[in-house]
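Read through the structure below, which is laid out as structure tokens, and then see the notes.
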Amino acid sequence: MVHAMKLQSFPFERIKEGKKIIEVRLYDEKRRDIKIGDVIEFRREPEQIETVKAEVMGLLNYKTFTDLVNDFPASYFGHSDKENLLKSIYTFYTKEQEEKYTALGIKIKLLV
């Protein structure tokens, strides 16, 4: 199955360069459909014309984004430090959303 996800320029470039191997999302209804072996087509915002595809290699479900981030190097998420990574995550998701859905790390492998 192929899933489409929008991404800002910074994380899009990190995936495209092979420097980001974990994408972070809420474990909401939409993400519960993702399975290992599926493909995600990431679309660069705002135009959503440029795309990059990655295969889902693993699904990492955690209670909080902090728990998820603390289990892996910041570089896996395309960042240089965990503090800025978490700040970035919380610009997209609220603590209330995190509490309701929990956190999902999608381990990916770039498809070329």
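Computed from the coordinates by the stated procedures, all read-outs in this text should not be read as laboratory data. Since this is a predicted model, take the numbers as computed values, not measurements. Reconstructed Cβ throughout: ideal geometry from the backbone, glycine too, with neighbour counts over all protein chains shown.
Quick look at the numbers
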quantity: Enumeration of residues in region 101-112 that are exposed (fewer than 14 other Cβ atoms within 10 Å of the Cβ) and over 18 Å from Tyr76 (Cα atoms); calculated: Val112
quantity: Test: residue in region 89-110 that is under 19 Å from Lys19 (Cβ atoms) and of a type in the set (Asp, Glu); calculated: no
quantity: Residue list for region 84-109, filter: hydrophobic (A, V, I, L, M, F, W, C) and in contact (Cβ under 8 Å) with a residue 24 or more places away in the chain; calculated: Ile89, Ala103, Leu104, Ile106, Ile108
quantity: Failed condition for Gly58, given (1) small (Gly, Ala, Ser); (2) closer than 18 Å to Val39 by Cα; (3) touching a Leu at 6+ places or on another chain (Cβ under 6 Å); calculated: (3)
quantity: Candidates Arg25, Arg43, Arg14, filtered to the one that is basic (Lys, Arg) and farther than 16 Å from Ile89 by Cα; calculated: Arg43
